[in-house]
Amino acid sequence: MGCRKCGSDNINFQIVAKQKKRGCLMSIFWILLTMITLGATIWIPLLIRKGSKVVTYGVCQNCGYRWKA
């Protein structure tokens, strides 16, 4: 596997953890669900917590081009 831009074989792979974004409608849904079922003392930690996603990138050491692997 080589660089997609310059064709070099001098590449490294990086694993990056990215934060998932929570949509507006999903946040409203969780707020309503927790207020109905568990009460207001439980929904605060649910709003603060966000998941993460691991993404692997290939980085060319010659030209600096980066792509998802």
- Would you confirm whether any residue within the range 16-30 is within 30 Å of residue 65 (Cβ to Cβ), at pLDDT 75 or above and polar (S, T, N, Q)? no
- Hey, residue 8 hits all of (1) over 19 Å from the mean Cα position of the chain (by Cα); (2) at pLDDT below 75; (3) within 30 Å of residue 67 (Cα to Cα) but one; which does it fall short on? (2)
- Item | Residue match in the range 37-55 (condition: under 20 Å from the mean Cα position of the chain (by Cα), surrounded by 11 or more Cβ atoms within 10 Å (Cβ to Cβ), within 28 Å of residue 5 (Cβ to Cβ) and at pLDDT 80 or above) | yes
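The values are calculated or read from the model by the stated rules, or taken from the named source; none is laboratory data. Small disclaimer: the values here were computed from a predicted structure and weren't measured. Heads up, the Cβs are rebuilt from the backbone with ideal geometry, glycines too, and the neighbour counts pull from every protein chain shown.
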